[in-house]
Amino acid sequence: MMAEQGDIQRQSSCPPRRQIRPRSREWAAALWSLTITTAVLLLVSIVITAFVTTTLLNPSIGRRQRAPAPSELPNLTSQSRRGILKAGGRHTKPCDSIACIERAKLLLRQINKSRDPCDDFYAYVCNDWKLTRPLSPGADRVSMDTVLVDAYADLVASQLQDTGSQFPELDFLMDRCLHPEPELFDDLLAMFLDATDMRPWMTGLAKIRLSPTELSRTLGLAFRQLAIDSIFRFSVSNDILNKTKRFIALGEPSTVLLHGPLEEGEYELVHLGFSPVLNILRKFVETDVLRFEDRLSRLFARPQLDSAAMADCIIIKVRDLPTVQGIEWTDLLQSVFGKGLRPITSRTYIKLTSPNYVVRLARGDVLISSRDFMGYLLFRMIMVLSPLMKDDKVRNVLASISYARHPEFAQPLPQAHYCIHLMNRFELNLPLYSSHRITSDLLGGDAAVQDLIFTLRRVFLEHFHEELGRPGEDLKAVIQDKLVVLYWESLIPRVLKNASQRTFYADGIYTGNSRSSTAHFFYTWIRKSLEKRLLARMDSKVVHPGWTGGFLSAEPRLEPPYESIEIPPPVFDFFLDKDPALRPIQAARVAPKIYRSLFRTIYHWIYNFEFENGTRVARQLEDLRLCLESQYSALLWLDKQVQLNASRTSWADLWDFMALRPSLEAFLLLASRVSSNYRLRLLEHWTTSQLFFVFYAANFCENSDRRFLRRLVAHGPYSPAWFRVNGPLRNFPEFQRAFGCRRGLFMNPSHQCALRAQR
């Protein structure tokens with residue numbers, strides 16, 4: 001049921017009161033009147049173990065459990081938190097198991113003993129790591145996260161290639177992707193051209209300019225059928241007060257070649273860099289796709305990790321949307337959501353997650369030429385389906401860019417990786433399920449994963465109660481209730497653990513999908529996967545079909561309506577030995593990642609709560625963010641030649657800082673279960689706290705291309721690893737005490753940032 005007039009309610013991801021401030025008088029008049037409201041096979045195990053010995057240091061994974069009721073939650077009192085080390089296990093000698101000694105050796109090899117940890121802790125931990133991991137020519141970077149993501153892609157590919165899954169259709173799909181038939185790409189592209197009404201334009205029958213209705217329908221169908229967000233990203237968000245109601249949400253689209261607008265005079269250089277792909281595309285489209293994306297990306301808000309999106313979005317009626325040349329709003333929305341959200345009328349409410357983008361689009365010239373837009377849409381289709389091209393040279397040029405982390409630094413991938421990326425884009429759940437047993441075994445089994453996740457959850461709930469519950473009981477109760485019912489889904493979605501739901505989900509996507517034609521099988525696989533995902537959002541009675549954030553990520557995903565946090569395998573260090581004595585080291589990687597996502601979400605909840613209740617926690621968090629921004633901006637880096645544009649990264653920097661303290665608490669609690677004085681053999685000189693800070697920093701180690709780093713410090717949305725390690729630790733007294741850093745040294749500055757809690 002769609003929200004109509006009189007039904008507007010506050011959204012957890014979008015507060016009321018905000019309005020678009022267009023520069024045009026028509027927009028101002030329209031909008032001022034509104035009310036605003038994410039046992040491995042032995043052979044695989046041997047390969048992975050060998051890989052670790054030569055390349056890695058850390059990683060782990062988590063698994064979802066039932067969210068306990070408040071009465072079931074364990075209680076960590078303030079006194080018990082302060083005395084964690086004293087309440088530990090019976091053993092006090094350093095861990096001297098083979099796994100502990102091997103881990104200590106790996107760490108010793110990367111510590112730069114010539115550096116003083118109080119002068120530059122990142123250099124102390126990571127400089128030698130970087131020296132042993134050179135970049136491939138043209139690559140952007142190698143980091144702990146990229147190594148783990150790529151290794152997990154290898155693991156899933158090996159599982160599907162060598163052993164297969166429980167679903168013959170999934171094995172068929174993997175085999176046909178590894179060895180594309182000569183006509184597969186052409187046949188599949190033709191099917192999607194028909195499905196999106198683009199065939200007449202392609203065959204030259206539609207020489208005249210497309211009408212707004214025709215253009216809108218094609219744009220919407222391209223998203224519905226192939227998830228191409230060429231001009232808008234469409235989604236459905238819940239009404240927080242009435243879950244039977246839904247709001248359509250419009251956001252900024254993604255781009256393929258560019259992740260931001262080009263600097264002045266940069267077009268020719270970038271055009272030259274992309275010349276191989278542009279030369280190939282000339283055979284298909286006449287549009288200058290690089291120029292088109294440059295114009296489009298100039299309309300975007302600056303890069304961010306959605307940290308402040310709630311402060312920017314509004315809810316508006318369809319009839320009050322600005323006039324965008326070439327777009328008929330009702331036809332566009334109806335072609336995306338079809339029967340699921342009927343009726344969509346001029347009175348239907350729409351959530352704009354980036355209102356200024358819509359205003360700029362209305363004022364700009366991106367859609368002036370329908371032929372250019374249709375050419376760009378064809379380009380997007382080609383790039384999405386490029387892993388299925390028969391010509392391996394053309395495929396490597398196009399697919400390497402289409403599925404690259406950063407297109408300007410694209411690297412050719414093995415064909416198996418292209419296939420895994422294709423699954424990650426369209427249907428990630430059954431491939432994720434198929435590799436679950438391997439990943440779980442590498443982490444010590446489901447029970448070990450569940451114990452780690454339960455401990456991290458327990459620590460965070462108590463940390464919030466003690467540290468952020470001070471402003472008032474009402475706010476504390478609201479946030480605590482939300483945290484208690486939040487699902488932590490690690491390794492796989494909870495829906496896939498039930499055999500009947502797994503069978504129901506696979507129906508139509510895999511089972512019942514005819515293999516008589518490979519192209520038709522892929523066509524149905526893509527359409528049905530996207531249809532089930534969209535339908536689950538549109539209908540409250542439909543079981544949600546798993547994850548939406550992908551498994552090729554080293555970051556958890558927690559998105560509106562903030563009901564579950566997806567924790568994919570690369571969040572964890574599955575190269576770390578499963579010895580229980582090393583579980584605290586696992587937490588040093590996993591906890592900061594999960595806690596960052598949680599703090600970001602808590603900020604959204606607090607921001608929303610304070611519109612009606614008047615507390616000031618959001619203001620205190622804002623003050624802390626601005627303090628960090630000022631401090632980071634003053635730092636010179638890369639031989640004192642580079643300065644961070646911290647205004648672009650400060651939200652992500654804030655979550656890094658907020659996650660540090662509960663991560664230390666989780667590490668100490670897990671360490672206390674092993675020994676009251678947790679240490680590793682060969683590293684006896686380090687205390688338990690020192691071990692945490694070293695392993696915490698080690699998980700950020702990276703070796704990055706200078707050009708990539710310069711773009712990162714200029715545009716964000718997150719800081720380079722040097723800032724992400726040194727920045728929070730410079731403001732953390734526990735670190736300074738652990739390493740004896742005197743006041744005035746780089747890692748213990750005279751002025752420090754802290755959350756000034758309201759008493």
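Please treat every number below as a calculation from the coordinates, not as lab data. A quick note: this is a predicted structure, and the numbers were derived from the prediction, not measured. Don't worry about glycine lacking a Cβ; one is built from the backbone with ideal geometry, like all the others, and counts go over all protein chains shown.
For the reader, a short list of remarks on this structure follows.
- Neighbour-count ranking [beta-carbon atoms within 10 angstrom, fewest first] of H406, H417: H406, H417
- Using distinct alpha-carbon pairs, which all enter the 1/r mean, Kirkwood radius of the stretch 92-229 in Å: 21.3 Å
- Two-decimal log10 I(q)/I(0) for the stretch 385-525, as the Debye equation yields it once each C-alpha is a single scatterer, q = 0.13, 0.16, 0.19, 0.22 Å⁻¹: -0.85, -1.00, -1.12, -1.25
- Taking packing as the residue-averaged number of other Cβ atoms within 10 angstrom, the listed peptides 702-713, 734-745 run from highest to lowest as 702-713, 734-745.
- Loop trypsin sites (Lys or Arg not before Pro), the stretch 583-655 (other Cβ atoms within 10 Å of the site Cβ: 12 or fewer; DSSP): K640
- At q = 0.19, 0.21, 0.24 Å⁻¹ the log10 of I(q)/I(0) for the stretch 572-683 amounts to -1.00, -1.06, -1.20, computed by Debye summation with a single uniform scatterer per C-alpha, solvent ignored.
- Per-peptide average of other Cβ atoms within 10 Å, ordering 125-131, 489-495, 630-636, 99-105 highest first: 489-495, 125-131, 99-105, 630-636
- Subtracting the Cα-Cα distance of L135 and T687 from 0.36 nm times their residue separation leaves 195.3 nm of extension gain.
- Long-range Cα-Cα pairs in the stretch 264-423 (distance over 27 Å), rounded percent: 40 percent
- Straight-line reach from K113: taking Cα to Cα under 18 Å and skipping same-chain neighbours fewer than 8 places apart, the aspartates and glutamates in range are D128, E684.
- Annotation: the stretch 345-467 has a Kirkwood hydrodynamic radius of 19.5 angstrom, from the mean reciprocal C-alpha pair distance.
- Across the stretch 347-401, the fraction of Cα-Cα pairs farther apart than 13 Å, rounded to a whole number, is 71%.
- Sorting the segments 475-485, 376-386, 156-166, 346-356 by their residues' average number of neighbouring beta-carbon atoms within 10 angstrom, most packed first, yields 376-386, 346-356, 156-166, 475-485.
- Using the empirical formula 2.2 N^0.38 Å as the baseline, the Cα radius of gyration of the stretch 600-759 reaches a ratio of 1.15.
- Measuring between alpha carbons in the structure, the pairs from K317/K593; K317/K482; K351/K393; K317/K476; K283/K532; K476/K497 lying more than 31 angstrom apart are K317/K593; K351/K393; K317/K476; K283/K532; K476/K497.
- Relative frequency of Cα-Cα separations exceeding 17 Å in the stretch 93-161, percent: 63 percent
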